Structure formats: structure tokens, C-alpha cells
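Since the structure comes first, as C-alpha cells, the remarks are kept for the end.
The values are calculated or read from the model by the stated rules, or taken from the named source; none is laboratory data. Please read all numbers here as calculations on a predicted model, not as lab measurements. Note: ideal-geometry Cβ built from the backbone for every residue, glycine included; neighbour counts use all protein chains shown. To get the accessible areas, we keep the full protein, side chains included, count just its heavy atoms, and leave off ligands, DNA and RNA. Shrake-Rupley method; radii C 1.70, N 1.55, O 1.52, S 1.80 Å.
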Amino acid sequence: MARLYGFQKKELIRVYENMVLSRMLDEKMAILLRQGKGFFHMACSGHEAAQTAAAFNLQSAKDWFYPYYRDSAFTIGVGMTAKDHLLAFFAKSDDPSSGGRQMPHHYGKRDLNIVTQSSPTGTQYLQAIGCAMACKLNKKKEVVYVSSGEGTTSQGDFHEALNWSSREKLPVIFHIQDNDYAISVHISEQISGESIFSMVSGYQHLARFDVDGSDYFETHLAFKKAVDRARKGMGPAVIVSHVDRLKPHSSSDDHLKYRTKKEIVEMEKNDPIKKFTDECIANEIIKKEDLDKLDKKLKNQVEKDADWAESKEHPDSTSATKHIYSGYSPDYDSHPNILNEKTVFVDAINHALAEEMDRNKKMLIYGQDIADPKGGVFTATKGLTDKYGKERVFNSPLAESSIIGSAIGLATVGYKPVVEIQFGDYIWTAMMQIRNELTTIRYRSNNTWSCPAVIRVPVGGYIHGGLCHSQSLDGYFIHMPGIYIAYPSNASDAKGLLKMACRMDDPVIFMEHKSLYRQSYASSPEPDDEYLIPYGKSKIIQKGSDLTIITWGAMVQSSIEAVNDLDLDEEMIEIIDLRTLNPLDFSSIQTSIEKTGKALIVYEDNLTNGPGAEISSLISDHCFEMLDGPIRRVASKDSPVPYNMYLEQDVLPQVEDIKETLIELLEY
């Protein structure tokens, strides 16, 4: 039987069909756009050979895939259909990637292990690292594919991913499809030396391949070597495929603004489908007539599939806000047994983690300095590496985006990462991963994927930490749909809320106020290992009839002290400890205000746009006729938190500030 570079005729026909189907979908979608039947398209044209070579070296539903928006031929190669692509183009309810929630070419299909993708360029790299960590733990010789254009290699997440994967010899293939243009920015303005192959040369255990991506056979050989190497546990690989982007960046782009017509004509001579066809015909493996028949068959298929997809239903408009959260709440015991008569806050955190590690063998703990012998800068994870081993409790690189991005990858494939950001003040480099990835995965995949990672974040001031060890973050995160927020004020609540977070099926930001870790007033009796606190259920610290204080975190104790200092009647002031900011237990707030008629919100975040502003608005909307006075707030001044103790006191809310506002409101 005749072969071409070892490939049989039927294999070559399969390659041809994959590339041509992708190209015909590009052409059909362009026509549909001109007809006003769609809104957006990103063409794969010119990238087909490299993507098909990648796909045909990997195993659908066994390996894991993080494709980027131009990976049409790749996703077809691992099992997506023309119908799948067209349903996404028309944003139909049956679109398997997102049910019409995302733009086209944001691929995802659970049964094929195509993990839901989104628009930010580069976030996928670190998620692929987390997935590869899971593959290594699973010991099933799975490989992870992640891709992008060359422009995205300028993102820090790319280099963080190379660092982590090469250090740990993870089974991940980075496919960089280098078409010389990041939209309109040429590689000469993007990459030092204009070579990604050279740029990534310094990483140990990282294999590198530089190939002509328009040559299917050359690219296929590179992927064969890289995948075989990864399956053997030898480490990651970067494959740089040099390709031509034959169409504009997207349907919103006009590449004649930055390319000459002559350049475009020259590119078209390097069309990978034409090169593949010419080689097969020249070597008398496939006849032109046979290819013409295939073209006709594929064109008819695309036309029929387009008509079929267009006829399908749009999503019901009432479903627009479904699947932001799972709706799942673990069973809980509201009457715990007591293990210890007194436990400090930080030890309650440690014990909660240990108990949940015993319960869930897929739970992992990592972050900066968290492993033994140090056990975290606040000792919250002390002893856990010794007890559970370095495979489950380990140090991460000093890179917050790496911590969160890898946690997303682990969580989406079935692990339970509980990670620590050492100080909340340094979470900002991970914000792209949190805001555009972690919080949206369930929603954007139409409930197909979930990402129940837990992020422990030490926050707050009163420790003389200065500008970058004193920040309060609640106002930022309360604004993000898709992530729950816990903010306990004492040891028993910390344990119950953290254990609940470890069992939930949604992402959680778990805020731990640093000043409470070893304070005696934040100590409490320690509940047993079955104690869980449901999110969205506040706690009445003391009952009262004249005024309601709504507070959380370290401000709970400050509020108690303010009330005690004023020597008021015992039943005048009601103090509500919210315990969680999302979900917010507004029904308890409303019930209390109905009784007291006055509301004071005490919190540590900035006065302007802090959580108290939103709670005030809710009270105004829903409790206005119950009020006997203005809604008041005590919060930090709109200022960084300074280091000097007297300056710090002036910025952060003090007991005296609460007392003064209490008196004013009581006298109103």
C-alpha cells in the first residue's frame, strides 16, 4: 500500500477532510456575517495544518485541551463537529461550549475534555499547568495541550507557566502558533529577537521545536516527539509553528490597514491546504478528482449543518442569570460537640484544614511558604506537610497568578485546591484569573464545568503593616458575581465556615483578619469535625431594641467594645455579625431594623464604595419606612494605611469612632 512519509491514503484523507472542513466553516461564517446572521467570527485559515497535526497526536476524552480562539481545526480534530461550531456561531441554546453565553470560538466540550475557554489571552497557560499537575497525580499518562498566538507569549502568565511546568516536569504541550501578528502588532514590536524558540531556551526539562506550521508532516513529527516525551514523564515542550494568518484577526479587523496587498498575495502562496494537496497529488497518493469529490461532500455538509443550526432555538431569556452558582449546599450540623474549651483563630484554621484533608483525598494545600518546616508566615498550615506529604501540601513559586491559575486548572478537573495568598495586598497580579476565569467558569460553560477552588487570604490592618500589609479587600470582591466571600470574626466561625468552603461546589474567597489570629477575644470553644456553618447565615452577637450594628471581621470586637464603653442598657443595641458577605444575610438585617429603626454599618474597608455603601443602599431600598434615623457608616478613611502607629489610628476605624456615631444616631 502506497504511503507518504509513512502515512496511508486513508490517514491523509482524514487530514485533508479536517483541514478543509475548518476552512469551509470559516468561509460559511463569513457569508453568514455579511447576511447579518451573526455578530463575530475569528478565522483559522492558514493555521489548519499545524492544528490538525497537534490534534491527531492526542487522545480525545483522555488528554486535556485548552485551545485558543483560532483553534477551529484543532477542536474538530479532537471531536467537535461542524454543528457544534455553528451552534456557537449562532449563539443557540444547544451550543455545547456555552449555550450562547460566550462569543463564538470560545471552545468547550466536557465529554471531549475541551476545558471551557474565555477571551483573556494567556490565562489558559496556568490553568493548563493545574490540569497537568492533576494528570501527574492521577498517574494515567495523560497529556495537556494549551495553545495561543505568538503575541500572548508577552504575558507574564506564559513565563510563569513555563517555569512551573519545567521545574515539575509536567506533561503539558505549549503550542505557539506564530503568524507574526498580534492583531496588527508585528512580532518585531513584540518579541526580543523576534524568536519565541530562542526566548524560551533557559528552562530546564523543556523541549523546544521550531517548525513550518504550513507543513503538516514536519509539524506532526514535532508533536509526535513532544507527546511521547510528555507521556513518559520527561517534561513539557514548546512547539512554535510558523504559520500565516490568511484572514484578518477577526471580523472586526481590516488587515489591509497594516499589511500590503503584495504581502497578502505572498502569504496565500503558502496556504497549508494547497501545500498538502500538491504534495499528495505529486506523489500519486490521492487523485485530484477524489479531493474534488471530498470538497463537494464537505461543502454540502456545511450548508446543511448551517441551516440546521440556524433553525435551533435561542436560549430562553429567563435563563440569563442561571448557573452563576451551583445551588448546592452541603448538609450541616448546627449542634456540634466541643473538642477544646479554647482555641485561637489561627489554630482553628489549621484544624479545619487537617480535618478536611482527612476527609477528601483530592484536597491539596499550597501557597508561598506554607509547607513545613515553616508552615506559613502565620503558622496556619504548620504540621500539614509532615502529616500529609509534599504531594498534597507544598510551596508554590512566589507568583500569585500562578497560584490562582493552577488552582483553577486543578479544580476544573476534580481536585479541591485550597490555596493561600500570603497577604491580600498582593492578590492583584491574580485578578485576571479571579475576575475573568474563576468566577465565570460555571456560568460561561452553561453549568458544564465547575471550579470550586478556595482562596485563603489574610487581610486587614491594626498590625503596623503599612500600605502593603494592611489592605481590606471585601469591597472589591463583593462586586464579583460567581464567588462566595467568608469573613469570620472568631475561631469557631472560622472553622465552621472554612470546612463548609472545602465541601462546597463553588469558588470561595476566605478572608482571615491577621489581627485576630492569636487574639484572646477571637478565641472560642472549638467545635468537632462535623461542624459546618452555612453561607448567608449571620449571627446575632447581642440582642437589642434601639439600634442595629451590622458588622463583620475584626470590627465585631470593636463594636462590642464601643457598646460596652458607653455603658448602655443591655438590650438597647443589637449587633449582627454577618460572617459572609456573599451571600449576604439581608433578611436578618431587615428583621433587626424592623425592630430597632436605626442602622449603623461598621467595616474596615474604605468608606467610599466599601461593602457598607451597598448594604446602606439595600436598607434604603427595602427598609426606608422602618427607619427612625439616617443610615450611618463607620469605616476607614479613603487613604492608604500608613505605617506609623498614630497615622494608622487616624485612618483605620477606632472604637471611639463607633462610640461617637452610636451616640449621634441614638440621639437622632
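Apply the a/c threshold of 1.5 to the C-alpha gyration tensor of the stretch 322-414 and tell me whether it is rounded, prolate or oblate.
The shape class here is oblate.
At 1.4 Å probe size, with the rest of the protein present, what percent of the exposed accessible area of the chain is carbon and sulfur atoms?
Exposed carbon and sulfur together represent 49 percent of the surface.
Expressed as a rounded percentage, what relative contact order does the stretch 94-219 have, with Cα pairs under 8 Å and six or more residues apart?
About 19 percent, as a whole number.
Determine the equivalent ellipsoid of the chain by diagonalising the alpha-carbon gyration tensor, then write out the semi-axes as square roots of 5 times the eigenvalues, largest first, rounded to whole Å.
54, 27, 22
How far is helix 655-667 tilted, in degrees, relative to the longest principal axis of the Cα atoms in the chain, given as a value from 0 to 90 rounded to the nearest 10?
With both axes taken from Cα atoms, the answer is about 70 degrees.
Roughly how many Å² of residue 114 are accessible to a 1.4 Å probe, to the nearest 10?
Accessible area of residue 114: about 0 Å².
Might you report the magnitude of the Cβ-based charge dipole of the stretch 22-178 about its Cα centre, with Lys and Arg at +1 and Asp and Glu at -1, to the nearest 20 debye?
Approximately 380 debye in magnitude.
Quick check of the Kirkwood formula: for the stretch 272-317, what is the inverse mean of 1/r over all pairs of different Cα atoms, in Å?
Kirkwood hydrodynamic radius for the stretch 272-317: 13.0 Å.
Over the stretch 588-668, with the other protein chains present, what is the accessible area per residue in square angstrom, probe 1.4 angstrom?
52 Å²
Dipole of the stretch 188-297, Cα-centred, from +1 at each Lys and Arg C-beta and -1 at each Asp and Glu C-beta, to the nearest 20 debye? Present the calculation step by step, with values, prior to reporting the outcome.
Working: 20 positive and 21 negative charges, 82 e Å.
Rounded to the nearest 20 debye, it is 400 debye.
How do 85, 186, 479 rank by accessible surface area computed with a 1.4 Å probe, from largest to smallest?
Numbers: 85 10, 186 50, 479 145 Å².
Ranked from most to least accessible, the order is 479, 186, 85.
Beyond 17 Å, what percent of the Cα pairs of the stretch 398-461 remain?
37 percent
Run lengths n ≥ 4 of DSSP H only: what is the helix-derived mean residue ellipticity at 222 nm for the chain, with -39500 (n - 2.57) per run over all residues, to the nearest 500?
The helix-only estimate for the chain comes to -11500 deg cm²/dmol at 222 nm.
Could you work out the relative contact order of the stretch 157-221? I mean the mean sequence separation of Cα pairs under 8 Å and 6+ apart, divided by the number of residues, in percent.
It rounds to 31 percent for the stretch 157-221.
Of 520, 666, 344, which is farthest towards the positive pole of the chain's charge dipole, taken about the Cα centre with +1 and -1 on the beta-carbons of Lys, Arg and Asp, Glu respectively?
About the Cα centre, the residue reaching furthest to the positive side is 344.
Just how large is the dipole of the chain about the Cα centre, in debye to the nearest 20, putting +1 at every Lys and Arg Cβ and -1 at every Asp and Glu Cβ?
3500 debye
Could you state the number of Å between the C-alpha centres of the stretch 128-187 and the stretch 15-59?
Result: 22 Å between the Cα centres.
After finding the eigenvalues of the alpha carbon gyration tensor for the stretch 517-667, what semi-axes result from the square roots of 5 times each, listed largest first in whole Å?
22, 21, 17
Would you mind checking the tilt of helix 288-311 against the longest principal axis of the Cα atoms of the chain, expressed as 0 to 90 degrees and rounded to 10?
30 degrees
When ligands, DNA and RNA are left out and all protein chains stay put, how many square angstrom of accessible area per residue does the stretch 418-512 have with a 1.4 Å probe?
Here the residues of the stretch 418-512 average 23 Å² of exposed surface.
Given 196, 413, 319, which one lies farthest toward the positive end of the charge dipole of the chain, if we put +1 on the Cβ of every Lys and Arg and -1 on the Cβ of every Asp and Glu?
The Cα lying farthest towards the positive end belongs to 196.
So if I restrict to the alpha-carbon atoms in the stretch 26-140, what is the Rg, and what is Dmax, the biggest pairwise distance, in Å?
Both quantities, over Cα of the stretch 26-140: 14.4, 50 Å.
Please work out how many pairs of lysine residues in the stretch 57-141 are eight or more positions apart (or on different chains) and have Cα atoms closer than 24 angstrom.
Final tally of qualifying lysine pairs is 13.
Going by the alpha-carbon gyration tensor, a ≥ b ≥ c the square roots of its eigenvalues, is the stretch 362-419 rounded (a/c under 1.5) or, if a/c is not under 1.5, prolate (a/b greater than b/c) versus oblate?
Oblate.
Which loop-located trypsin sites (Lys or Arg not before Pro) does the stretch 237-300 contain, where loop means any DSSP state but H, G, I, E or B and the Cβ has at most 10 other Cβ atoms within 10 Å?
Counting only loop positions with at most 10 other Cβ atoms within 10 Å, the trypsin sites (Lys or Arg not before Pro) in the stretch 237-300 are 269.
Percent relative contact order of the stretch 578-668, based on C-alpha pairs within less than 8 angstrom and at least six residues apart? Please report the intermediate quantities before stating the final value.
On the way: 100 pairs, mean separation 26.3, N = 91.
Averaging sequence separation for qualifying contacts and normalising by length gives 29 percent for the stretch 578-668.
Checking the a/c ratio against 1.5 first, then a/b against b/c, what shape does the Cα gyration tensor give for the stretch 177-283?
Here the stretch 177-283 falls in the oblate category.
List the lysines whose Cα lies under 18 Å from the Cα of residue 257, skipping any in the same chain that are fewer than 8 positions away.
Output for residue 257: 247.
For the chain, which span is the longest to avoid every loop-located (per DSSP) member of GluC sites (Glu not before Pro) having at most 12 other Cβ atoms inside 10 Å?
That would be 1-283.
Looking at the stretch 79-147, which trypsin sites (Lys or Arg not before Pro) are in a loop (DSSP not H, G, I, E or B) and have at most 16 other Cβ atoms within 10 Å? Show your work: numbers first, answer last.
Numbers: sites: 83, 92, 101, 109, 110, 136, 139, 140, 141; in loops: 92, 101, 139, 140, 141.
Passing both the DSSP loop test and the Cβ count: 139, 140, 141.
If you keep only loop residues by DSSP, which trypsin sites (Lys or Arg not before Pro) in the stretch 559-668 have at most 14 other Cβ atoms within 10 Å of their Cβ?
Here the trypsin sites (Lys or Arg not before Pro) that fit, given the DSSP loop and packing criteria, are 637.
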